[in-house]
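Below: the structure, in structure tokens.
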Amino acid sequence: MLPTGTPPDWNAVEIAVPRRSNRLPGISMAGFRQSLPAPADIAMVAHPAVIVLIDLSEGDGIVYDSRGRHERGSAVIGLMPGDLRAGGRVGACLQIRLEPDVAAAVLDAAPDLSGTMAPLADVWGRDAGRFEDRLRAAASWDERFTIAAEVVNRRMRARTPVDAEVAHSWRRTLKSRGQLQVDNLAGEVGWDRKRLWSRFRSQLGISPKRAIRLVRFDHAAHLLAAGHTAAGVAAECGYADQSHLHREVKAFTGHTPSAVAAAPWLAIDDVAWPGSSPTRNPATVGQHIPKGRS
């Protein structure tokens, strides 16, 4: 998120995260409760996860504006949301981040959501309303996280997972922080480049090359927000030079690296999403699968 109007006062935001027992692979959750003196206006940018926002507010709640289309309430936000704004006086919301290989099963619609926003009811039908009702009736964030984990896990188990090769390729992209080649990914799973590109794109809604760029940008954004210089970030993240970093940040956010470094949308990541810290160890991400599996 990047500020364009009134950014949230994070000092007034209550943030809750689930206990370890409610954590699922490829899924992150956080709860937010806030009381804003004026409506917030936030631009939402590309992120290497499909985001499910459950609006638990009283009254008008969250308002979205996507290319002149206005929506309210709970929504699913794809990897590449484009020109999307979220605002309003948000009382409470539950945010669920789904890695694309998980989202493909949980939502059964990830390819259609890779670059847009859709009301949760359009994706889950009547299940969306029942899910919201259960969360609103819960007495605590712990209870809400338990409900969310149960619902997401049940939906994930009821659907065919993506190809193991595709899931492995996504995890390797995360593990490398976007510093690898598509040909290397294909070689690891015993596929040629064309097959990996086709299966990855059809199942995750994004090409392998675009996924690599997205993950690399996300890591760079966190380093910028942590106070690293643009030149240092460009070198660490594998960009050709500082100008290359500038072009990529501009492409993903519409802003300069210095603006991203000061953006409040990363200010609470270490609290709400500790796994997104630039000092996190990615070595535990990824899993070996045998070559040639089809």
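So the values come out like this:
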item: So residue 48, is it open to solvent by less than 10 Å² (accessible area, probe 1.4 Å) and assigned to a loop (DSSP other than H, G, I, E, B); result: no
item: Checklist (1) among the aliphatic types (A, V, I, L, M); (2) under 20 Å from residue 117 (Cα atoms); (3) modelled with pLDDT of 75 or more applied to residue 42, failing item; result: (3)
item: Cross-chain or 6+ apart pairs with Cβ under 6 Å, region 104-116 first and within 17 Å of residue 81 (Cα to Cα), then open to solvent by less than 30 Å² (accessible area, probe 1.4 Å) and modelled with pLDDT under 75; result: 104/110
item: Some residue of region 227-248 being surrounded by 14 or more Cβ atoms within 10 Å (Cβ to Cβ) and at pLDDT below 90; result: no
item: Some residue of region 192-207 being open to solvent by less than 60 Å² (accessible area, probe 1.4 Å), on the phi > 0 side of the Ramachandran plot and in contact with a strand residue (DSSP E or B) (Cβ under 9 Å, 6 or more places away or on another chain); result: yes
item: Condition met for residue 185 (in contact (Cβ under 8 Å) with a residue 24 or more places away in the chain and either part of a loop (DSSP other than H, G, I, E, B) or open to solvent by less than 40 Å² (accessible area, probe 1.4 Å) (or both)); result: no
item: Subset of region 249-278 [part of a helix (DSSP H, G or I) and either among the basic types (Lys, Arg) or at pLDDT 75 or above (or both)]; result: 249, 250, 251, 252, 253, 257, 258, 259, 260, 261, 272
item: Subset of region 249-260 that is touching a residue at least 12 places away in the same chain (Cβ under 8 Å) and of a type in the set (S, T, N, Q) - its residue that is surrounded by the most Cβ atoms within 10 Å (Cβ to Cβ); result: 253
item: Residue in region 144-167 that is of a type outside the set (Ser, Thr, Tyr), out of contact with any Cys (no Cβ under 6 Å at 6 or more places or on another chain) and within 30 Å of residue 233 (Cα to Cα) present; result: yes
item: Region 59-85, residues that are under 24 Å from residue 134 (Cα atoms) and either hydrophobic (A, V, I, L, M, F, W, C) or in a helix (DSSP H, G or I) (or both); result: 62, 63, 75, 76, 77
item: Residue in region 14-28 that is small (Gly, Ala, Ser), surrounded by fewer than 20 Cβ atoms within 10 Å (Cβ to Cβ) and modelled with pLDDT of 85 or more present; result: yes
item: Residue within region 209-217 that is at pLDDT 95 or above, touching a Cys at 6+ places or on another chain (Cβ under 8 Å) and part of a helix (DSSP H, G or I) present; result: yes
item: Answer from 127, 163, 108 - the residue that is farther than 25 Å from residue 214 by Cα and of a type in the set (Asp, Glu); result: 127
item: Extreme residue, modelled with the highest pLDDT, among residues of region 74-92 that are surrounded by fewer than 21 Cβ atoms within 10 Å (Cβ to Cβ) and in contact with a Gly (Cβ under 8 Å, 6 or more places away or on another chain); result: 80
item: All positions within region 209-226 that are open to solvent by 40 Å² or more (accessible area, probe 1.4 Å), in contact with a helix residue (DSSP H, G or I) (Cβ under 8 Å, 6 or more places away or on another chain) and of a type in the set (A, V, I, L, M, F, W, C); result: 225
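The values are calculated or read from the model by the stated rules, or taken from the named source; none is laboratory data. Everything numeric in this text was worked out from a predicted model, so none of it was measured. Every residue, glycine among them, receives a Cβ derived from its backbone with ideal geometry; neighbour counts consider all protein chains shown. Protein only, heavy atoms only, side chains kept; ligands, DNA and RNA dropped before computing areas. Shrake-Rupley method; radii C 1.70, N 1.55, O 1.52, S 1.80 Å.
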